[in-house]
Structures are given as C-alpha cells and as structure tokens.
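Here's the structure, in structure tokens; my notes come after.
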Amino acid sequence: MEIQVLRPEVASRIAAGEVIERPASVVKELIENALDAGATAIRIEAQEGGLAWIRVADNGVGIPRDQVPLALARFATSKIRTVEDLATVRTLGFRGEALPSIAAVARVEILTRTAAETEGTRLVAEEGRITVGPAASPVGTMVTVRDLFYNAPARRRFLKSPLREAERIRETVYRYALGYPGVAFRLILDGREVLVAPPGTPLERAAVLWGREVADALLPVAWEAADLRIHGLVSRPTLGRASRAFQYFYVNGRPVRSGLLAVALERPYTGRLPPGRYPLAVVHIGLPPAFVDVNVHPQKAEVRFSQERSVYWGVSRAVEAALADFPRAEAGTAAGRWPFEAEAPPLPALAEPSPGYGHSGRWRALAQLFQCYILAQGEDGLIVVDQHAAHEQVLFERLWGGPSPAPLPSPTVLSFTAREAERLEADLEALQSLGFDVEPFGGNAFIVRAVPAPLAGQPVKALFDIACEELSAVRRGGGELRERLAMRLACAAAVKAGDGLSVEEMQALLDALQEAWSPAICPHGRPAWFVLGREEIERRFLRR
Ligand code: ADP
Ligand code: MG
C-alpha cells in the first residue's frame, strides 16, 4: 500500500501519547517498521546508549522515492486507511506517528531503495527542514537518528546514564529477537557486536540469547482451541529465575506486558517450582485481530482482549499440558514453605533430567582453580563450578526453605541506631520467618538467641547490618522482602572468590549443590556451573 495521511476521523481514533521516551523507544519503533517491511535481517547500532546516535538497517521492501517525504508526515501510514482497518491490523505499526515523532526530537536520516528502483533515496530531516535526493543504497531501509532530544533538554536530562540506556536497548532488541527467530538480528553497541542471531528455530534463538544450558531446559508449548492458538517455550520446573525478567509474551507477534499473563503462566508451576522462583517463557498468543484491541496504549505495549478470561485460561492450559510429565506436589501444603519442611513429601523426581544436566551420578571434587572455581568430575565431563554462585544458591534455598533456627552459644544483645531499630521492629517477622530468634530488648537494642542454621558461624552483628541495609534499601518494586533478605544474606555468607577450599569442603558444596532445586543458577540469575563435555573436549583436540 502507498503511504497516505489518515483522514482526521481515523487519526482522532488513535490512542494518543508520548511515543518516544528514550533511545530504546526509537529502537523499538524502527525495529517494528523493519519487521512490517518484511525484513529478514535487521542490524541495530547505537553509540553511547543511543544518546549520540542510533541506526537501524533492514533488508525489507524499502520506500519508493516519491513517498519518502510522506513517511515523516504525522498520521501518514501505508498500513491502515479506515477505522475498520484498526480492528484487523496485522502489522506492528499503524499510526504513522513513529517517524514524525522521532524527527520532532532528533536529526533523522533515511537511506532507502525498493527493488523496482535502480537508485536509492536519501532524506535528511533537521530542525523541521527536509531535504531529499538520490543516493546509492541497497534494497531496504536504513534510518539514522542523531542527537536525540537535542531540542528538548529537559527530556534529555530525564534519561539515565548511557550504560543504562544501552541496557534498555539491549532488552528491546532481545524482546524482538526472541519473538522473531526467523529474522536475523545483529546488535552493535559502541562498536562492539553484542548479539549475532542468525535466523533459526525458536529454540535455536533461545540458545543464542540465553545460552545452551538454558535452552536445553526449555519445553515446547503448543495448544489450540477454537480461535486461540498458543505456542512457544517454557522452562522445565528444574530451572527457574529469581525474577520475571525472562518472561516474554506476544499477541499476534506484538510484544506485550501483562501481569495477568504472568499469573496465567505461573499457575501450572505451583507445586512444581520452588517458591520465589519464576519460570522462563516465550509465549505467543495468536487470535483473530478482531478479538484484540491494540490501540489502547501509546507505545502499543499493552493490549485489551475482548475474551480476556479465555485467553488467560488458554495460556494456563497450554503451559499445564507442556508440564504434564512433571509431578506436582500435593495440594494443600503451605505455599511458602513446601517442599523444604521435614514432613513435606519427598522432592518430586526431577523428571527427565536432560543429559549434561548433572543430576545423574555424583560429582567428584578434583581441584580448585584460581581459588574461585571448583573443578569436578561428572558423568558428562568436567564440571566447572563458580564456588560463590553455587554456595549462594545452596544457602538461599535453605534460608528460603523456612525457619531452622540454630541457637547461639549465648544470647547476644545488639544495639542499633534509632532508625535501624525502627526498621527492624517493623519487619521483625520477615527475619523470624527466616530463622532468626530476635526480640526487642529495650531502647534501640535487640536480643538475638538464634540465627538461621545456614548462617550459623557468621558474625551476628554483620548479619544484622546486612539485614538493616536491605530493609532500608528502597527497591524498584522487586520481589518480596523475605526473598530479598534471603538473597542478600546468602550472598554475604557464601564463600567468596579467593577463598581457599579443601577437597572435603568442595565435595560438601558439590553434594549440596546437586541437591538444590535450581542448581544451575544462583539467585541473581548467573550460572553456577557448566559442563565441559566430551564432545567439546574432542572438538578441541580435533578428534571430531
Ligand atoms: P507506521 O509504522 O505506524 O505506519 P511510521 O511513522 O513508523 O508509521 O512509518 C510511516 C511509514 O513509513 C510506514 O507506514 C511505512 O510505509 C514507511 N516505513 C517506515 N519505516 C520503513 C521501513 N524500515 N521500511 C519500509 N517502509 C518503512
Ligand atoms: Mg512504525
């Protein structure tokens, strides 16, 4: 279709709002345009977190010379014409707002060519002036955006550091790369190639973005009912993360955020995944466009379903079916405590441990490397364990598992500042639920009679200092207090890089790690170990 300016009655129906908030929003809009143009390869580059410049190049259909200036006009789009079209859009864009919004706050250059043209077009838009001329260009489109918010200093000040903005760009690219595995993506930040994802299957794409180890622990989801089709990948219950950061949902190919979808995803994991852990997921929801209103959010990050319940129900059903082979703990056990209590049912068998996952056979400690890593022999090869991450995971799970207080040789009285005392008093329950036996002792003092068994032997005052720090930290919405405390304390009490360990100590840690629920990942989501398998070793010796 040609680019045309929408008639006012159509334009007025478009959810208004700020489209461009930060460099990552520019990247999002340009990637969406590339996908809408049928690109099979997209390259994203940014300098200084996009504050200096951003460039997105695609091999899509390009824009014909005579239409290039129109692309920058407000409400000019090739994707819809009428109000009725709004109900059936299949493209990611449809408002004709992105390019003009970007050009209003930055210097924009577009280089483009269609297959029908022998010569490409260059458009430069700066401070409201547009110049267009011929230029050499491959088929496709390359948009460069420089000096974002150069004319809006207040908004520029509102941005985070280049590092943080770069991180948001990376998140944005990952989101589309995960959702569109058939499209090649490259991401270059400050001249460094941080992502090269060739076209592949969803699983191959997950392996590129999340690593082999994680991809091996993903299960396919495929479920259909009437008009609803749900497919994607979810993690086995043997794998979990400490946050929802690894959950991606797409509705008809459009990335969406939704707490309710997360709930629908997580319900089937109840009793299968330890509390405080969240599944990883890439879930596509396909349904007729008429059942989804995509026009409710200025950045198109949220959608409204006309049949909400059936969508959530469908997601739960689809995930439940994918997890069918994984036994679930009996219902009725206290949600926060299971499965760590003594009387709880035995750990459900970790069904079909993937090869290389290490649950088969005991790992034998061999040596310590750089006073940082434990080398162990396993059935599948050489296991390299990050001693701190591993210990942290073990301690975290034990702490999380519920109170097992270890009495101190003699009660200890600790005094705090008035402010700290106030915080402690307010959140005493969280500490007690982890196994601290602690009570106010007059003034700003507290008496401690026991600490959680996993932390026994640690200096008591230091543990409380860490707890106080965590209690007063104003956190960006993340996680429950008890979980955060458990994470911080586990991190503080775990062996550090640089600590020498005897073979016996290493063996004890390996045994505990193999018992852990999520042995492959520390509470912060970093891997705790990997296997150097036979294949890899043989490849290195050129035997394969
Ligand atoms: P929208 O995507 O909502 O239509 P945009 O402002 O993002 O609005 O883009 C305006 C028009 O410019 C699009 O409708 C499309 O025709 C054209 N266009 C933008 N980017 C590209 C691209 N990368 N390849 C081909 N055409 C593009
Ligand atoms: Mg667009």
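In this structure, A106 does not satisfy being in contact with a Gly (Cβ under 8 Å, 6 or more places away or on another chain) and more than 12 Å from ligand 1 (Cβ to nearest atom).
Among residues of the range 390-443 being in contact (Cβ under 8 Å) with a residue 12 or more places away in the chain and of a type in the set (S, T, Y), the one that is surrounded by the fewest Cβ atoms within 10 Å (Cβ to Cβ) is T417.
On the given criteria, is E32 more than 13 Å from R146 (Cα to Cα), within 7 Å of ligand 1 (Cβ to nearest atom), of a type outside the set (A, V, I, L, M, F, W, C) and touching a residue at least 60 places away in the same chain (Cβ under 8 Å)? Spelling it out, E32 is indeed more than 13 Å from R146 (Cα to Cα), within 7 Å of ligand 1 (Cβ to nearest atom), of a type outside the set (A, V, I, L, M, F, W, C) and touching a residue at least 60 places away in the same chain (Cβ under 8 Å). Going through (1) farther than 24 Å from V10 by Cβ; (2) at pLDDT 95 or above one by one, V68 falls short only on (1). Looking at the range 16-41, which of the residues that are outside any helix (DSSP H, G or I) and within 14 Å of ligand 2 (Cβ to nearest atom) is farthest from L159 (Cα to Cα)? Here the residue is G38. Screening D499, D511 for residues that are modelled with pLDDT of 90 or more, among the acidic types (D, E) and out of contact with any Ser or Thr (no Cβ under 7 Å at 6 or more places or on another chain) leaves exactly one candidate, D499.
Let's see how each residue does on (1) within 15 Å of ligand 2 (Cβ to nearest atom); (2) touching a strand residue (DSSP E or B) at 6+ places or on another chain (Cβ under 7 Å); (3) under 18 Å from D85 (Cα atoms):
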| residue | (1), (2), (3) |
| --- | --- |
| E2 | no, no, yes |
| R7 | no, no, yes |
| R43 | no, yes, no |
| Q47 | no, yes, no |
| L51 | no, no, no |
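Per-residue answers, yes or no, for (1) under 19 Å from the mean Cα position of the chain (by Cα); (2) touching a residue at least 60 places away in the same chain (Cβ under 8 Å); (3) surrounded by 20 or more Cβ atoms within 10 Å (Cβ to Cβ):
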| site | (1), (2), (3) |
| --- | --- |
| P202 | yes, yes, yes |
| R205 | yes, no, yes |
| G253 | yes, yes, no |
| Y278 | yes, no, yes |
| G286 | no, no, no |
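Condition first: more than 12 Å from ligand 2 (Cβ to nearest atom), part of a helix (DSSP H, G or I) and either of a type in the set (A, V, I, L, M, F, W, C) or more than 14 Å from P289 (Cα to Cα) (or both). Now tell me which residues in the range 61-108 satisfy that. Within the range 61-108, R65, D66, Q67, V68, P69, L70, V83, L86, A103, A104, V105 qualify. The set of residues in the range 514-535 that are at pLDDT 65 or above and within 14 Å of D216 (Cβ to Cβ) comprises P527, W529, F530, V531, G533, E535. Does L428 fit the bill of being touching a helix residue (DSSP H, G or I) at 6+ places or on another chain (Cβ under 7 Å) and either of a type outside the set (S, T, Y) or within 30 Å of G361 (Cα to Cα) (or both)? For L428, the condition - touching a helix residue (DSSP H, G or I) at 6+ places or on another chain (Cβ under 7 Å) and either of a type outside the set (S, T, Y) or within 30 Å of G361 (Cα to Cα) (or both) - is not met. When restricted to residues that are surrounded by fewer than 18 Cβ atoms within 10 Å (Cβ to Cβ), modelled with pLDDT of 95 or more and among the basic types (K, R), the range 186-200 contains 0. In the range 66-89, the residues that are within 10 Å of E2 (Cα to Cα) reach residues that are within 11 Å of ligand 1 (Cβ to nearest atom) and of a type in the set (K, R) with C-beta atoms within less than 8 angstrom, at least six apart or across chains, in these pairs: T77/R95. In the set (1) assigned to a loop (DSSP other than H, G, I, E, B); (2) under 24 Å from L485 (Cα atoms); (3) modelled with pLDDT under 85, V263 fails one condition alone, (1).
Go over the candidates R164, R192, R175, R155 one by one and state the one that is free of Cβ contacts under 8 Å to residues at least 12 places away in the same chain, farther than 18 Å from L72 by Cβ and among the charged types (D, E, K, R).
Unique residue meeting the criteria: R192.
Picking from R168, R164, which residue would you name as being in contact with a helix residue (DSSP H, G or I) (Cβ under 9 Å, 6 or more places away or on another chain), surrounded by fewer than 18 Cβ atoms within 10 Å (Cβ to Cβ) and within 30 Å of A206 (Cα to Cα)?
Criteria check complete, one pass: R164.
Taking the listed residues V27, V5, V10, V68, the one that is among the β-branched types (V, I, T) and within 9 Å of ligand 1 (Cβ to nearest atom) is V68, with no other qualifying. The single condition among (1) of a type in the set (D, E); (2) under 23 Å from F149 (Cβ atoms); (3) touching a Gly at 6+ places or on another chain (Cβ under 9 Å) that E48 does not satisfy is (3).
Residues in the range 168-200 that are over 13 Å from L51 (Cβ atoms) and either part of a strand (DSSP E or B) or under 15 Å from the mean Cα position of the chain (by Cα) (or both): 21 in all.
Listed by first and then second residue, the pairs linking a residue in the range 101-117 that is over 12 Å from L72 (Cβ atoms) and surrounded by fewer than 22 Cβ atoms within 10 Å (Cβ to Cβ) to a residue that is aliphatic (A, V, I, L, M) and at pLDDT below 95, with Cβ atoms under 8 Å apart and 6 or more places separating them unless they lie on different chains, are V105/I20; V105/A152.
The values are calculated or read from the model by the stated rules, or taken from the named source; none is laboratory data. Note that this is a predicted model, so its numbers are computed, not measured. Quick reminder, even Gly has a Cβ in these numbers, built from the backbone with ideal geometry, and neighbours come from all protein chains shown.
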